[in-house]
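Each remark here refers to the structure printed beneath this line.
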Amino acid sequence: MNNKLNQLRVKIDGADRALLKALGVRFKAVKELGYLKKKLRMPIVQKSRWNQVMKDRLKKAKKVNLSRSFTKAIFNLIQDEAIRIQKKR
C-alpha cells in the first residue's frame with residue numbers, strides 16, 4: 001500500500017513539474033505578445049479573443065473531466081497574470 005502511495009505521489013509531482021514548465025512557456029510567450037501589442041498599438045485585452053479562448057478551454061476541459069467552474073477559475077487566474085505581465089511591457 002505504501003509503495004502505491006509513493007508511486008502516485010511521484011506521478012503527481014511529475015504532473016506538477018510539467019504544469020509549471022507549461023506555464024513558464026506560456027508566460028514567456030505572453031511577454032513577447034505584450035511587446036508586439038505595444039509596437040502595434042493594440043490594447044492588452046481583446047474581449048473577443050478572450051471569449052474564444054475561454055470557450056475553447058472549457059470544451060477541452062470537459063473532454064478530460066475537469067469541472068467548468070474549476071476551469072474558469074484557473075483560466076481567469078492565468079488571464080489576470082497575463083494582463084499583469086503585459087502591463088509591464
Contact list, first residue from region 25-54 and farther than 19 Å from LYS88 by Cα, second anywhere and of a type outside the set (S, T, N, Q) and assigned to a helix (DSSP H, G or I), beta-carbon distance below 7 Å, six or more apart or interchain, is MET54/PHE75
Only unsatisfied item for ASN65, checking (1) under 16 Å from the mean Cα position of the chain (by Cα); (2) outside any helix (DSSP H, G or I); (3) exposed (fewer than 10 other Cβ atoms within 10 Å of the Cβ), is (1)
In region 29-59, residues that are surrounded by 12 or more Cβ atoms within 10 Å (Cβ to Cβ), of a type in the set (Lys, Arg) and within 16 Å of the chain's Cα centre (by Cα) total 2
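Looking only at region 13-28, filter to residues that are surrounded by fewer than 12 Cβ atoms within 10 Å (Cβ to Cβ) and among the aliphatic types (A, V, I, L, M); which one of those is nearest to GLN86 (Cα to Cα)? Don't jump to the end; show me each part of the working.
Taking region 13-28 and keeping what is surrounded by fewer than 12 Cβ atoms within 10 Å (Cβ to Cβ), we get 13-22, 24-25, 28.
Checking the rest, the ones that are also among the aliphatic types (A, V, I, L, M) come to 15, 18-20, 22, 25.
Numbers: ALA15: 27, ALA18: 24, LEU19: 21, LEU20: 19, ALA22: 18, VAL25: 15 Å.
Once the filter is applied, the top-ranked residue is VAL25.
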ALA82: passes all of (1) loosely packed, with under 12 Cβ neighbours inside 10 Å; (2) part of a helix (DSSP H, G or I); (3) not β-branched (Val, Ile, Thr) but (1)
For region 68-79 the number of residues that are surrounded by 11 or more Cβ atoms within 10 Å (Cβ to Cβ) and of a type in the set (Lys, Arg) is 1
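From the list LYS88, LYS55, LYS72, LYS59, which one is of a type outside the set (Gly, Ala, Ser) and at pLDDT below 95? Step through it out loud before you land on a result.
Numbers: LYS55 fails: at pLDDT below 95; LYS72 fails: at pLDDT below 95; LYS59 fails: at pLDDT below 95.
Sole residue among the options that is of a type outside the set (Gly, Ala, Ser) and at pLDDT below 95: LYS88.
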Those residues of region 25-51 that are among the small types (Gly, Ala, Ser) and more than 20 Å from LYS72 (Cα to Cα) come to a total of 2
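The values are calculated or read from the model by the stated rules, or taken from the named source; none is laboratory data. What you are looking at is a predicted structure, and each value in this text was computed from that prediction instead of being measured. All Cβ positions, glycine included, derive from the backbone under ideal geometry; neighbour counts span all protein chains shown.
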